[in-house]
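Where a number appears in this text, it was derived from the coordinates with a stated rule and is not lab data. Note that the structure is a prediction, hence the values are computed from the model and not measured. Heads up, the Cβs are rebuilt from the backbone with ideal geometry, glycines too, and the neighbour counts pull from every protein chain shown.
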Amino acid sequence: MSKWGNRANKCPMHKIKMKPSKTRYGVRFDCPVDGCTMARWDRSKTSAADLETRKMRQEAHKAIDVFWRTARERKRLYEELSDFMGIPIEWTHIGFFDIKKCKKAIAFAKWKNQKILNKQGQGTIKS
C-alpha cells in the first residue's frame, strides 16, 4: 500500500489507480491516462470529477462561501443547503456534487441572497 493509503482511489472512467501529487492545497489525485481530466483531493469529502464538474464546484463554492465566516455559521448554512436540496447533511458537501447539484447550490445562494435583501428592504437582485 502507498503512503497515501486507501485514499489513492481509481479513476471512475479508466478503473486505474490515480496518481498523487502534492500541491499547496493538499494532495491531489489525477488519472494518469493522457487527456483524462478526472481528479480528486485527498479528503474524505470529495469524489473524483472531470474538469467541467470541478469548475462547477468552484462556482458553487464561490456562491455559497460568502454566507459564512465561522464554523458555526458554516454548519448552519450547510444544514439549510441540505434542506433546500433535499439531501442528507452527510452528503451535503460540494466536493460530492455533480453539475446538477452544483447548479442547485448556486440557486440556493441566489435564494438566500434575495431573502437577505428582502429582509433589509432592498428589493430584488439582478441576475
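Descriptive notes on the structure:
- With at most 14 other Cβ atoms within 10 Å, longest stretch of the chain clear of loop trypsin sites (Lys or Arg not before Pro) (DSSP): 70-125
- Exposure proxy ranking for 33, 27, based on other Cβ atoms within 10 angstrom of each Cβ and starting from the fewest, stands as 33, 27.
- Against the chain, whose longest principal axis is taken from its Cα atoms, helix 51-64 shows a tilt of about 30°.
- Taking 102, 36 and counting other C-beta atoms within 10 Å, the order from fewest to most: 36, 102
- Candidate lysines for bridging to residue 62, where Cα separation is under 27 Å - those fewer than 8 sequence places away on the same chain excluded: 22, 45, 75, 100, 101, 103, 104, 110, 112, 115, 119, 126
- If you wrap the chain in the convex hull of its Cα atoms and look at it from every side, the mean projected area works out to 9.7 nm².
- With contacts taken as Cα pairs under 8 Å and at least 6 residues apart, segment 51-119 reaches a relative contact order of 43 percent.
- Sorted by Cβ neighbour density within 10 Å, fewest at the top, the residues 91, 41: 91, 41
- Helix 99-119 axis, angle to the chain major axis (alpha carbon atoms, nearest 10°): 20 degrees
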